[in-house]
Amino acid sequence: MKVSILTPEKNLFEGQAKSIMLPGLYGIFEVLDQHAPIIAALGKGSIKLTDENGNKQKFDISKGFCEVLNNEVNLLVRVS
């Protein structure tokens, strides 16, 4: 799936991923390939992304929003 992680200042990540763990307002949730469409608010925590090669990346955020649609994940976040 295609993932974009954006802040007001810059693009943190743009590329393909196998999975992404997100800090929702009411708990952590995971988005995998072909996930159902969703829009969710994000709270303080860490985004944990596994890219298509199995490499893991972590981004600490204070808040944000997530949109999943047509196998694309778009995140608008504020970094901690």
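First compute the accessible area of the chain with a 1.4 Å probe, then give the percent of it belonging to carbon and sulfur atoms.
Values: 2550 of 4870 Å².
C and S fraction of accessible area: 52 percent.
Longest segment of the chain with no GluC sites (Glu not before Pro) in a DSSP loop having at most 14 other Cβ atoms within 10 Å? Working shown, then result.
On the way: sites that count: Glu9, Glu52.
Longest site-free region, per DSSP loop and neighbour criteria: 10-51.
Over the alpha-carbon set of the chain, work out the extent along each principal axis and list the three values in angstrom, largest first.
Per principal axis, max minus min of the Cα coordinates gives 26, 22, 19 Å.
For Lys48 and Leu32, compute 0.36 nm times the residue count separating them, minus their Cα-Cα distance, and round to one decimal in nm.
Using 0.36 nm per residue and subtracting the Cα-Cα distance, I get 4.5 nm.
Using only Cα atoms, locate the centre of the range 2-19 and the centre of the range 29-80, then give the distance between them in Å, rounded to an integer.
8 Å
Just flag the chymotrypsin sites (Phe, Trp or Tyr not before Pro) in the range 1-79 sitting in loop per DSSP whose Cβ has no more than 12 other Cβ atoms within 10 Å.
Taking the range 1-79 and a limit of 12 other Cβ atoms within 10 Å, the loop chymotrypsin sites (Phe, Trp or Tyr not before Pro) found are Tyr26.
So for the chain: antiparallel DSSP bridges make up what percent, rounded to the nearest 5?
90 percent
Once you charge only the Cβ atoms, +1 for Lys and Arg and -1 for Asp and Glu, what is the size of the charge dipole of the chain about its Cα centre, to the nearest 20 debye? Don't jump to the answer; show the numbers that get you there.
On the way: 9 positive and 9 negative charges, 62 e Å.
Dipole of the chain, to the nearest 20 debye: 300 debye.
Rolling a 1.4 angstrom probe over the protein heavy atoms, how many square angstrom per residue are accessible across the chain?
Using a 1.4 Å probe on heavy atoms only, each residue of the chain averages 61 Å².
What figure, in Å² to the nearest 10, do you get for the accessible area of Leu6 with a 1.4 Å probe and non-protein molecules left out?
Its accessible surface works out to 60 Å², give or take rounding.
If you plug each phi of the range 8-19 into the Karplus form 6.51 cos²θ - 1.76 cosθ + 1.60 with θ = phi - 60°, what whole-Hz ³J(HN,Hα) values come out, in order, with x for Gly and Pro?
With the stated coefficients, the range 8-19 comes to x, 8, 7, 8, 7, 7, 8, x, 8, 9, 8, 7 Hz.
Mind listing the phi-derived Karplus ³J(HN,Hα) values for the range 28-40, rounded to whole Hz, using 6.51, -1.76 and 1.60 with θ = phi - 60°, and x for any glycine or proline?
Once θ is set to phi - 60°, the couplings for the range 28-40 become 7, 9, 10, 10, 10, 3, 6, 5, 5, x, 7, 10, 9 Hz.
Please work out how much accessible surface Ser62 shows to a 1.4 Å probe, ignoring ligands, DNA and RNA, in Å² rounded to 10.
It works out to around 50 Å².
Could you tell me which trypsin sites (Lys or Arg not before Pro) in the range 1-73 are loop residues by DSSP with no more than 16 other beta carbons within 10 angstrom of their beta carbon?
Numbers: sites: Lys2, Lys10, Lys18, Lys44, Lys48, Lys56, Lys58, Lys63; in loops: Lys10, Lys44.
Answer in residue order: Lys10, Lys44.
The values are calculated or read from the model by the stated rules, or taken from the named source; none is laboratory data. Remember, predicted model here, so these are calculated numbers, not experimental data. Quick reminder, even Gly has a Cβ in these numbers, built from the backbone with ideal geometry, and neighbours come from all protein chains shown. The protein model used for the area step is the full one, side chains on, heavy atoms only, and it has no ligands, DNA or RNA in it. Shrake-Rupley method; radii C 1.70, N 1.55, O 1.52, S 1.80 Å.
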